[in-house]
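The values are calculated or read from the model by the stated rules, or taken from the named source; none is laboratory data. Here the structure is a predicted model, which means the values were calculated and not measured. Glycine gets a Cβ as well: all are built from the backbone with ideal geometry, and neighbour counts include every protein chain shown. Surface accessibility is based on the protein's heavy atoms, side chains included, excluding ligands, DNA and RNA. Shrake-Rupley method; radii C 1.70, N 1.55, O 1.52, S 1.80 Å.
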Amino acid sequence: MIKLNIIGTIHSTSGYSNHTKGLINALCKIADVKLSAHLPENLEKFTNDAELDMIKKPDSSDRINIIIDMPFNWMQYASKKINIGFLVWEGDKIPLSWIDIIKDKRFNQIWVPSSHV
């Protein structure tokens, strides 16, 4: 079974949070998912049982990182052998400052939620 470490937030109203929540709840059905998220106090009130299980899983070096955040935050999490950046953008051009990050060799793949992105 594929072992994933998904880094993102699920407890805000941002688009990134919505994508993280949707992705982890889909992937946990077909992969071993560890969720590394920014956690609020009393997280049990805002988190379903599957999400709590993913948060409590131990990390391991053989997990693939999927980093769901703005690219300028990716570098701090690119610690695994395999790193995937998940890029959400609604405009018609990405900021120029992201180009070097997206091309960085530490990222094996860049995932996007649509063909528009």
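Grab the Cα-Cα distance for Leu39 and Ser115, subtract it from 0.36 nm times how many residues apart they are, and report the gain in nm with one decimal.
In short, 24.3 nm is gained.
What's the percent breakdown of Cα-Cα distances in the stretch 70-117 across 10 Å bins, shortest bin first?
Taking every Cα pair in the stretch 70-117, the percentages come to 25, 58, 16, 0.
Can you compute the equivalent ellipsoid semi-axes for the chain, i.e. the square root of 5 times each eigenvalue of the Cα gyration tensor, sorted largest first and rounded to whole Å?
23, 17, 12
Mind putting a number on the dipole of the chain about its Cα centre? Charges go on the C-beta only, +1 for Lys and Arg and -1 for Asp and Glu, and I need it in Debye to the nearest 20.
380 debye
Phe46 versus Ala26, label points 7 Å from Cα toward the beta carbon: distance in nm?
Placing both labels 7 Å beyond Cα along the Cβ direction yields 2.3 nm.
Please identify every one of the trypsin sites (Lys or Arg not before Pro) in the stretch 19-117 that sits in a loop by DSSP and has no more than 10 other beta carbons within 10 Å of its own beta carbon.
Qualifying residues, ordered by number: Lys29, Lys93, Lys105.
At 1.4 Å probe size, with every protein chain present, just tell me what the per residue accessible area of the chain comes to in Å².
Value returned for the chain: 60 Å² of accessible area per residue.
Hey, any idea what % of the chain's accessible area is carbon plus sulfur with a 1.4 Å probe?
55 percent
In nm, to one decimal, how far is the Lys3 label point from the Ser61 one, both placed 7 Å along Cα→Cβ?
The answer from the label model is 1.1 nm.
With runs of 4+ DSSP H residues as the only contributors, calculate the mean residue ellipticity of the chain at 222 nm using -39,500 (n - 2.57) per run, divided by the residue total and rounded to the nearest 500.
-6000 deg cm²/dmol
Once the Cα atoms of helix 15-27 and of the chain are each reduced to a long axis, what angle between those two axes, in degrees from 0 to 90 to the nearest 10, is obtained?
Taking Cα atoms only, the helix is inclined about 60 degrees.
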